[in-house]
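Presented below is the structure to which this report refers.
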Amino acid sequence: MSSTSSPIDFLLSRRSVKFVQAPAPSQEELEQILQAAMSAPDHGKLRPWRFKLIQGEAVGKLADTAFRAQAEAGSPVPEQKQQSVRGWLAEVPLMLAIACKLDHSNTKIPEDERLLATGAAVMNILNAAHALGYGAFWSTGLGTYTDAVPETLGFDSLEYRFMGFLAIGTPIDEQFPMTRPDHRQFVSEWTGE
Ligand SMILES: Cc1cc2nc3c(=O)[nH]c(=O)nc-3n(C[C@H](O)[C@H](O)[C@H](O)COP(=O)(O)O)c2cc1C
């Protein structure tokens with residue numbers, strides 16, 4: 001966070017950045033970013049979030065795995081689209097695969113709440129990356145909804161809900177503020193009447 005911006009300005013200025021390049025966060029920064037996920041709200045302290053780091057050459061191999069899985073699942077990715085995805089990933093220094101650990105025996109806390117806690121953890125990661133001057137982008141492409149991609153990453157569908165990938169790195173292009181909707185469109189008051 002720049003010393004001139006307040007915490008609230010920092011939150012208001014976050015935007016997703018798909019096109020990132022090296023350098024990735026340093027080891028120390030990455031640990032701070034991942035530690036931020038641990039501050040997510042979490043009913044029952046279940047800590048359902050799981051992350052897998054994919055770095056360097058493994059990022060390109062992820063594309064191979066995804067395209068194979070999508071073809072096997074009957075939805076082959078057209079060659080042109082494959083090329084554009086490979087071009088994007090060729091620059092991405094760090095991908096974080098995201099999964100939520102399910103627990104079918106826990107009937108007290110609904111599964112939805114685990115998913116929400118994991119989403120909140122990812123939001124903290126997005127904000128932490130932004131705070132340290134990095135760009136990040138949540139994607140549910142790359143075969144997220146196939147069985148093979150999560151399984152290859154160690155998240156079988158019986159135990160985990162796979163939730164996609166975060167690309168993290170240094171923004172390639174200059175970033176401009178996003179136009180955001182007026183919150184009043186989304187908020188009303190219940191007065192008890
Ligand atoms: C769970 C989730 C999955 C997403 N998957 C994709 C995706 O596959 N492709 C995409 O272009 N944007 C995807 N997005 C949207 C981007 O991550 C990003 O939020 C969007 O481009 C708007 O940018 P903003 O975060 O600055 O508002 C996803 C967002 C979420 C929350």
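The values are calculated or read from the model by the stated rules, or taken from the named source; none is laboratory data. All of these numbers come straight from a predicted model, not from anything done at the bench. Heads up, the Cβs are rebuilt from the backbone with ideal geometry, glycines too, and the neighbour counts pull from every protein chain shown. Just so you know, the surface numbers come from the protein's heavy atoms only, side chains and all, with ligands and any DNA or RNA stripped out. Shrake-Rupley method; radii C 1.70, N 1.55, O 1.52, S 1.80 Å.
Before we move on, is Phe155 more than 15 Å from the chain's Cα centre (by Cα), under 19 Å from Val59 (Cβ atoms) and surrounded by 20 or more Cβ atoms within 10 Å (Cβ to Cβ)?
yes
Does segment 145-152 contain any residue that is assigned to a helix (DSSP H, G or I), within 28 Å of Ala24 (Cβ to Cβ) and open to solvent by 70 Å² or more (accessible area, probe 1.4 Å)?
Yes, because at least one residue in segment 145-152 is assigned to a helix (DSSP H, G or I), within 28 Å of Ala24 (Cβ to Cβ) and open to solvent by 70 Å² or more (accessible area, probe 1.4 Å).
Conditions first: (1) of a type in the set (Val, Ile, Thr); (2) in contact with a Lys or Arg (Cβ under 9 Å, 6 or more places away or on another chain); (3) modelled with pLDDT under 95. Thr107 passes all but one, so which condition is the exception?
With respect to (1) of a type in the set (Val, Ile, Thr); (2) in contact with a Lys or Arg (Cβ under 9 Å, 6 or more places away or on another chain); (3) modelled with pLDDT under 95, Thr107 is out only on (2).
Restricting to segment 123-164, name every residue that is β-branched (Val, Ile, Thr) and closer than 14 Å to Phe67 by Cα.
Within segment 123-164, Thr140, Thr144, Thr146, Val149, Thr152 meet the criteria.
Using beta carbons and a limit of 6 Å, which pairs, at least six apart or on different chains, have the first residue in segment 100-119 and over 18 Å from Ser39 (Cβ atoms) and the second one part of a helix (DSSP H, G or I) and open to solvent by 20 Å² or more (accessible area, probe 1.4 Å)?
Going by the 6 Å Cβ cut-off, the qualifying pairs are Ile109/His43; Ile109/Gly44.
Is it the case that Pro41 is in contact with a Gly (Cβ under 9 Å, 6 or more places away or on another chain), closer than 30 Å to Thr179 by Cα, in a loop (DSSP other than H, G, I, E, B) and away from the ligand (no atom under 16 Å from the Cβ)?
no
For segment 48-63, how many residues are touching a Pro at 6+ places or on another chain (Cβ under 9 Å) and either open to solvent by less than 80 Å² (accessible area, probe 1.4 Å) or among the basic types (Lys, Arg) (or both)?
Here the count works out to 2.
So which of Leu115, Leu126, Leu142 is at positive phi and open to solvent by less than 70 Å² (accessible area, probe 1.4 Å)?
Answer to the check: Leu142.
Within segment 135-150, track down each residue that is under 11 Å from the mean Cα position of the chain (by Cα) and more than 7 Å from the ligand (Cβ to nearest atom).
The answer is Ala136, and nothing else.
Residues to consider are Ala71, Ala66; find the one that is free of Cβ contacts under 8 Å to residues at least 40 places away in the same chain, among the small types (Gly, Ala, Ser) and either surrounded by 13 or more Cβ atoms within 10 Å (Cβ to Cβ) or touching a Gly at 6+ places or on another chain (Cβ under 9 Å) (or both). Reasoning before the result, please.
On the way: Ala66 fails: free of Cβ contacts under 8 Å to residues at least 40 places away in the same chain.
So the residue among Ala71, Ala66 that is free of Cβ contacts under 8 Å to residues at least 40 places away in the same chain, among the small types (Gly, Ala, Ser) and either surrounded by 13 or more Cβ atoms within 10 Å (Cβ to Cβ) or touching a Gly at 6+ places or on another chain (Cβ under 9 Å) (or both) is Ala71.
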